[in-house]
Structure formats: C-alpha cells, structure tokens
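Remarks on the structure that follows.
Every read-out reported here was derived from the displayed coordinates using simple, explicitly stated rules and does not represent laboratory data. Note that the structure is a prediction, hence the values are computed from the model and not measured. Methodologically, a virtual Cβ is constructed for each residue, glycine included, from the backbone with ideal geometry; neighbour enumeration extends over all protein chains shown.
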2 protein chains.
Amino acid sequence: MVPVLSPEALAAQGVEARATYARLAAAGLKLDMTRGKPSPEQLDLAEGMLALPGNRDHLTESGEDARNYGGLQGLPEARRLFGAMLGVPPELLVVNENSSLAVMHDCIVWALLKGVPGSAAPWVGQDVAFLCPVPGYDRHFGFCEGFGIRLIPVAMREDGPDMEEVERLAADPAVRGMWCVPTYSNPTGATYSEATARRLAAMRTGASDFRLFWDNAYAVHHLTENRPAPHDILGLCAEAGNPDRAFIFASTSKITLAGAGLAFFAGSKANVAWYLEQAGRRTIGPDKLNQLRHTRFLRDLDGIHRHMEAHRRLIAPKFEAVLEALDQRLGGLGLARWTEPEGGYFITVEMLRGSAKRVVELARGLGIALTPAGSTSPHGKDPTDSILRLAPTYPSLAEVRAAAEGIALCIHLAALEADGLERAA
Amino acid sequence: MVPVLSPEALAAQGVEARATYARLAAAGLKLDMTRGKPSPEQLDLAEGMLALPGNRDHLTESGEDARNYGGLQGLPEARRLFGAMLGVPPELLVVNENSSLAVMHDCIVWALLKGVPGSAAPWVGQDVAFLCPVPGYDRHFGFCEGFGIRLIPVAMREDGPDMEEVERLAADPAVRGMWCVPTYSNPTGATYSEATARRLAAMRTGASDFRLFWDNAYAVHHLTENRPAPHDILGLCAEAGNPDRAFIFASTSKITLAGAGLAFFAGSKANVAWYLEQAGRRTIGPDKLNQLRHTRFLRDLDGIHRHMEAHRRLIAPKFEAVLEALDQRLGGLGLARWTEPEGGYFITVEMLRGSAKRVVELARGLGIALTPAGSTSPHGKDPTDSILRLAPTYPSLAEVRAAAEGIALCIHLAALEADGLERAA
C-alpha cells in the first residue's frame, strides 16, 4: 500500500512527524472525537422547545388531554409528521420515548421471550445469529452480545452490505436478523442502493421469522444538497412476498434534542400489532407532551428539512475540516483512505492493517480521545485492526480541525513505525 | 351475611330498587369508574410545568447540558429530591422515563434473560412463580401472565399480606418474587405495617435470588392529615442479612403529569449496578430535561407534600362521596363491605359471593363503566366473584356521586336477586 520512497525521504518524513507530535503533545490538547453527539450549538437550534408546549397547551388536534395516561401508539399528528419523514403510513408508526436503541432492545427481548410474528417459538434457548455489516455500530452489537446472539460480520460496500455474502449467510435458519443502517450508515456513511434494498426484501432466508433491523437513524441528516428519500422498505418487502420482514427504527435524537427526543418503531400491520401488544403490557403510554412539543416545533416535513439544513450549516464545515486535514497530511501517500460522507455523523478511516490500536494510543498521547479501535466490529475485535470511526460533530470547528490534524499525524506516524524504519531508528 | 328480613320487607326493597334502577337507566348516564386516572383539575396543578424548563434553562446544578445524551442514572438533583420522597439515598436511585410499569417490565425481562444478582442462572426456562397479594393490581399480573410466570395468590389483610401464608409459600425455590404495594395498596388502600415489612425482609426464602417487587406507587398520596413515612425496606433487608432482596419502584405519574412524569428504580448497591448495566445497553440515557422540569417545579420534599395536599383537596371529597353513597344505601344491610382508604387511588368493595360480575353488568345497564369483575385477581379470575375496585379520581364530584349511588344500587339489586326472591318474582 505504501508507495516506494527512498529511505532518506522516509526518514525526513519521520523527523518532521515526530517533531510535530512532540509540539502537539506539549500543547496539552483535550479533544473528544468519540461519540456522535450533537454540539451545544446544534441543540440551541431546538431552543424553542424548552418552553413548549406552553401554558394551557395540552390538547391534541382531536381534543384529547396529552397530559394524561394512554395513547400507546402515539398522537396521530406525531405519527403523521414522522411517518412522512420516514416514508411510512402513520398507522404503521409507533411513537415511543426518547431512545430508538431502547425500541430495538425491546424488540429483541420480546423476540427472545415471545417470538415475532411468524416465529415457531420464542428465540431464547435456540442458536440465534444476526448478520452485521462491518464496519458497524457498537451499540447494535452490544445488545446481541449481552443476550448471547451470535454476530456474523458481512463486509460493507459503498452501496450497502455485500449482498452475495448476505444471501449466502441468510439461508442458514439460525440467522434470524440483520442490522441495517440504510441511510448514511454508521460509520461509513454509505447509503444502501435501491438494488440492495430490493435484494434484502426479496432474498430467501432460512428462518421464516427473519427480520431486518432497519435503523434509519440518519434518514434526514444530509450533508449536501441531495436529499435521497428513504427506501420504502415496507413496500419492497410486501411486494416481494415478505410483508413482515422489516422492523424500522428511528429517532429525533439528532434532529431536536439528543436526550429528549422521540423514538419510532414502524413495520407491517402484523408487526405493529405485535409491538403494541408487548408494549401495552410494558407501559400505559408514552410521553405525549413531548410529542406535542415536537409537532408544535417542527410542524411539518418542510419544517424538519429546514431544521436539518440549520444542522448542516453547523456540521458540514466540521466534516470538511476533517477531510482537509486528512488530505493535507496523508493525501497521495497511500497510507490510509477515508469516506467522504454525504450525510450522517461519522467519517471512517481505513489505515494500514495492524495500526488502528497504535493510532488510538498515539492520539491519546496528544490528548485526543477516539472510539477504541475495534469498536466498529462485533465483540470490539477488528481482525484487521485498521478501522477508526471519527465523530466530528460535538467539538467546535477549531477543535475538530486540531483533532483531525493530530489524528492524521498519528496515522502517518503509525505507518512510518509499521514500515519498520522508524522503530529501527 | 344478609340479616333476616321478612319476605314483605325484602319485596318492598326490591320494588324500590327496581324503580330507582329504571329511573336511573332512563337518565342515560355515561360514567367511567374504571382506571386510577387523575382528573384534568389534578393535572392543572402541574400547569407550571408545561413551559419548563424554559428558554436557555438547560444546565444542571453541576453545569452539565441536560439536552444532550448521557446521564444514565439520572441527574443528582432529581435523585436527591425523589430519594427523599422514597426514603432512599440518592446513590441508590435511578431516574427513568415516564412509566414505573416499564421499569418493572424491564427488571422481569432482564431477570428472565440474564438473572438478577444472586441468580444461579437466568430465570427463563425454569418454573418461576410470584406471590401476589389479592386483591391486587391487574397490570402487575399482566407481565407475569405474558411471560409465563406462575402467579400464586395470597390473601391481603389490613396490615399487608397474610404473612403466615407468605412465609410458607416463599420457602418454595420456584417462588422468585412477590408483588408488594406497601403504601395505600392497589386496590384495598391497606398500608403494610412495620412488622409486615420486617417479616418480608427477614423471611427465609427457598430461592437465593428472591425479590420483593416493592411498588411504592402511592408513597405520598395521602387522603388524610397522616403522612406515614415509607418503610425503609432497603435498610430492613440489609439488617436481616438479605441486602439485595428489594427492587423499589415508583413514579410521579399521579404527582405531576400522568403521561409525562418520571419513574424510579431503587435497590441495593449490587442491584443498582445490575440495573444500570442492563439499562446501559438499552439506552444512552433518560430524558434529563423532564428531570429538570420536575426539580424546577417541585423543588424539595416540602414542595412535593404541598403539591400532594392540593391533590388531596380535589380527590378526598370524591372518596367521601363514594363512601357516603355506599353507606346510604347499603349501610347496616350486611350485603357488602368496603375499604375506607387513607390514601391511594381506590376503594375496594366486597359484596356477596358470586355477585360482582352481575353488579358490573347491572352498572353497565346504567351507563356506568367498572373495571371487570375479577381484574384484581391473577388471570382476571376471582374465585369468589365478590370484589370490585372503584376508581373515583377522574370523573367530576357530581359524576362520582351519581356513579357511586348507581353502583350501590346495583350491589343492592344483585344481592336481592341472589337471595332468590327477586329472580322468582
């Protein structure tokens, strides 16, 4: 991967890199690029929500009191608004509390303890496996690991997971589910192509109760003027004769307020009935005042898009700063490649095999916190030790630039070390 | 149970009761006494919360941004406030979303799939039974029924469950838990005595991982000037050498806003660590803005007590109206007895065996909705068919009075029918 350079040229690079590292280390940075958290300025965009719904404003559009118990599926106006956002009919959407992760967790525990529509028996006690496009999202893996579900990695491409591999593996009856982040995938930013979505909807699966865990976390989180519409995965599954195949998840955590948003479940009629039956034992109903707060503030799909454009104005420059810093130090060296996402929250960097852990360690020496190497793979173990996920949204633009320069430097240094010349020197 | 009356006297009662029933039926009432819901006037008491935390007010007392992710255990100030309410140290309290039912559900699914501290294995696949004081709360039973947990009824007394029976049954290793509503129990209103709490904390159990599911739903929901402090069940369990025995649950659903309150989990250090480990896979954190909203509004324990006095002024007259109506028609007849609760949300009426279903049916004929007969027993089956739960908080005072008069009448009629005279006539 490294182009042939003369020993002298390499040595000169090493001298410069080590000097820069020493200078940065002395600067005592304290930068965090670990998690996909909105910045305070992004949260300020939802400032208007902090005093909503407001005095005496507690009636829904049908005149019900949003303060009281009930309304398990969510307010019709909230389901209409977020159904439009996700390309799902309101009657197939459920509005939950603040965490889509929690909604996924609950689907998994209910699948384990009760089974899903189409299950011959509850999943617990059986050999259950999920397909995981890698690089992927550590918290998706976390549930499965916690509940003893086997994780089978599948390579992630620019148009979604490697479908040849997916189709081959899904034929195994033990494979009951698959994690998908179809739009601006966490962490590569790749968006599934229509063809990928169609193949996922139509493929033959060994298990009759196989589910796509379709986490559309970044459906409207565009970084460019393009606004690809979400795939109509429910329609595609129905068309292919697999109407109950997809569980859709999403939230407003990165639209309105990270800790105080709304989370959604959507699925076929049978899946929604199943979900509501389980959820109805768990709770008397969701926080409908927070649903009013959201509908009062965002109003309609245009309101959501306008709001997301304000996010874009804040975060797109941070993504650009990272890409610039990577390009400036590493461009043309052949030591690393990285994604240039058109949406979502992450940039993924692939560096020389066996060097990601070292890069995290070197960055720590500069006061830059990175997500642990391996966290984009099941069980936190990346066999290639080459993938890092960068999350540029939370720090300020100046901090992001400084962090990205530091990270690019560490990738460079680790590559020079790996080349053997630096270690020997 | 019925005092000896002359056939003539009974016939006269029957003539009057049937005439009154016909008159009421013609009035076309539409009254709902089914669920323990706060009235709109009670929700108005929390009106001030609808515009909280308010513009730019999103920092916690330690200066953290309550809008963002994180803070799994809840804000320290919220834990202090509600820890004081429940008699639990803040470090042993967890603040969750809006539903204590959901917290209980999650504890059960995690116990099933992972086990609790002290479990030799996850509960799933084993014969698992819970003790249920009866009359009890249908939603408690609902989980267990849904997940195949056996429910063993135990008689409820004025000072808590029949402890002889509880101790005998708890010796069975299959018995892994027990539902307890220690203060103003749902639905009898009974408060466990100190002696009962001590025996529950200290009793020998067959299972090493036995848990009291201690649902302190009505800890501060007094209907009189008396304010019994919550039992220190964590302290009693620790003292008895069973430090991990109690899982405490509670919420502000009937303090602030029924659908938009906060729910709590509390337990020993080991139980809290276990809970947070599971919850940390399920969610990145709770809605901390709602926690700020609550601490800003209620401020301190005095604030909670003042707020609950305002509730009392609204609902105590409704309880009195029910008791008056029952006494007026049924007093001295020996046809029914009822609780006179000093707190909580319900009045329980015990009528002649085999007549509760008929009373519900008769009431329906008057346009009065009652919780189905049997709902206070596991599986909705009351073998005595004699218990009804009345929930007087939601309707207006005039409606409650009308409903209670109607219900008393139906109890009377059903008893006359049961006596055979009316059916024969």
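What the table below lists for this structure:
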| quantity | calculated |
| --- | --- |
| Residues A:HIS231, A:HIS140 arranged by fewest to most Cβ contacts within 10 Å | A:HIS140, A:HIS231 |
| FRET efficiency for B:GLU167 and B:GLU324, using Cβ-Cβ distance with R0 set to 45 Å, rounded to 0.05 | 0.70 |
| Top positive-direction residue, dipole computed over the protein assembly as shown with Cβ charges, set B:ALA321, A:LEU81, A:SER193 | A:SER193 |
| GluC sites (Glu not before Pro) restricted to DSSP loop in segment A:188-247 with at most 10 other C-beta within 10 Å | A:GLU225 |
| Under 12 Å, Cβ to Cβ, from B:SER193 - net charge with Lys/Arg +1 and Asp/Glu -1 | 0 |
| Kirkwood-type radius of segment A:30-76, with distances r between different C-alpha atoms, in Å | 14.1 Å |
| Three-way shape label, segment A:1-145, alpha-carbon gyration tensor, a/c 1.5 | oblate |
| Per-copy distances of the B:PRO173 label point, shortest first, in nm (7 angstrom along Cα→Cβ) | 3.4 |
| Chain A - convex hull of alpha carbons, volume per residue in Å³ | 138 Å³ |
| Label-reachable residues, segment A:196-212, where backbone N falls under 18 Å from a point 7 Å from A:ASP159's Cα toward its Cβ | A:196-203 |
| Crossing angle, helix B:288-298 versus chain B [Cα axis fit, 0-90 degrees, rounded to tens] | 60 degrees |
| Share antiparallel - DSSP beta bridges, chain A, percent rounded to 5 | 50 percent |
| Cα-based convex hull volume of the protein assembly as shown per residue, rounded to whole Å³ | 172 Å³ |
| Prolate/oblate/rounded call for segment A:67-161, Cα gyration tensor, a/c under 1.5 rounded | oblate |
| Neighbour cut-off at most 13 other Cβ (10 Å), DSSP loop, trypsin sites (Lys or Arg not before Pro), segment B:197-259 | B:ARG204 |
| Distances in nm from A:PRO317 to the matching label points in the other copies, shortest first (labels 7 Å along Cα to Cβ) | 6.1 |
| Rounded to 10°, Cα long-axis angle of helix B:100-114 versus longest principal axis of chain B | 60 degrees |
| Approximate spin-label separation B:LYS269-A:SER208, in nm, with each point projected 7 Å along Cα-to-Cβ | 5.2 nm |
| Cα-based helix-to-principal-axis angle, B:76-86 vs chain B, degrees rounded to 10 | 40 degrees |
| Rule-of-thumb Rg ratio for segment A:215-305 [Cα; 2.2 N^0.38 Å; N residues] | 1.23 |
| nm² value of the averaged projected area, convex hull over the Cα atoms of segment A:52-299 | 12.8 nm² |
| Residue pairs, from the table B:LYS37/B:LYS381; A:LYS37/A:LYS318; A:LYS269/B:LYS357; B:LYS254/B:LYS381; A:LYS114/B:LYS269; A:LYS114/A:LYS288, whose Cα atoms sit over 25 Å apart | A:LYS269/B:LYS357; B:LYS254/B:LYS381; A:LYS114/B:LYS269; A:LYS114/A:LYS288 |
| Mean-position separation - Cα centroids, segment A:127-193 and segment A:283-349, in angstrom | 22 Å |
| GluC sites (Glu not before Pro) within segment A:45-154: DSSP coil, no more than 12 neighbouring Cβ in 10 Å | A:GLU61 |
| Shortest-first distances to equivalent copies, position A:THR384, nm, label 7 Å out along Cβ | 7.1 |
| Tensor-based shape of segment A:345-425 (alpha-carbon gyration tensor, a/c under 1.5 rounded, otherwise prolate or oblate) | oblate |
